[in-house]
Amino acid sequence: MKKYITLFILVLFCFSSCTTPSSQNVQNNTQQNTESDTKENIQEDTEQTAVTDENGTTYTKSFGSYTVPTGWIESSVYSTNDKFFYLLEGTEYKEKNETLPPNNISVNMGTNKYSAEDHITFRQAIVNQLVHQLPKDTTLNGSGSHTANDYVLYTFTFSITEDDMTLNATQYYIVGDQKFVMVYESVYDGNTEEVDNIAKNIVDTFKWSE
């Protein structure tokens, strides 16, 4: 199950960046299905700061800023130059090859061909890609709203169960002009409420860089 879920996470990330070298077959398949509608590239992050106060830690990346509440930390093990992972403090692993990843939230930015006003077309492209990638018996739920800073927001939830393991996932897409930020929440122990609250705080505090 761990192997399947790990591969599935890589496939979903390839929706945002089809340059992932971990699985060439997955990469090629995703590129073929998204080239005309959802071709995105992750931009390398070169500007990073972190400021901590009573509300948590505000991270400033090249694409924007957001606040992660106290008790959650940015993982230096899992994070890369363009995708940032946040974990409950004390659950972080020292090596990437641990047997089971903890509950986590990732944040990354992608670019696409859609203007901010054309967000409905972008939403449909997301739905098409998820339907193509998810197992056939998976229930996909979606909704549209706005963040606290009035950015268009699309939220998709689904669960995958195999053997004795269940992944409860929520993807938040914050829409910009020919760009988006995806906040991806992964829960493995069923404690979705706590992780939801952290992810929603990241979403609602997010501000695009000028």
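Throughout, read-outs are computed from the coordinates displayed, never taken from laboratory work. Here the structure is a predicted model, which means the values were calculated and not measured. Counting neighbours? That spans all protein chains shown, and the Cβs are built from the backbone with ideal geometry, glycine included.
Computed values, structure above
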read-out: Loop-located GluC sites (Glu not before Pro) in the range 81-142, at most 15 other Cβ atoms within 10 Å (DSSP); value: Glu89, Glu95, Glu98
read-out: 5 angstrom amide H check on Thr57, placed H, neighbours 5+ away; value: Val68, Thr70
read-out: For the range 83-210: span of alpha carbons on each principal axis (Å, largest first); value: 42, 35, 25
read-out: Label point distance in nm, Glu117-Thr80, each placed 7 Å from Cα along Cα→Cβ; value: 3.5
read-out: FRET efficiency, 1/(1 + (r/R0)^6) with R0 22 Å, evaluated for Asp189 and Tyr93 via beta carbons; value: 0.90
read-out: Theoretical gain in end-to-end length, Asn141 to Ser209 [0.36 nm per residue, Cα-Cα removed]; value: 21.5 nm
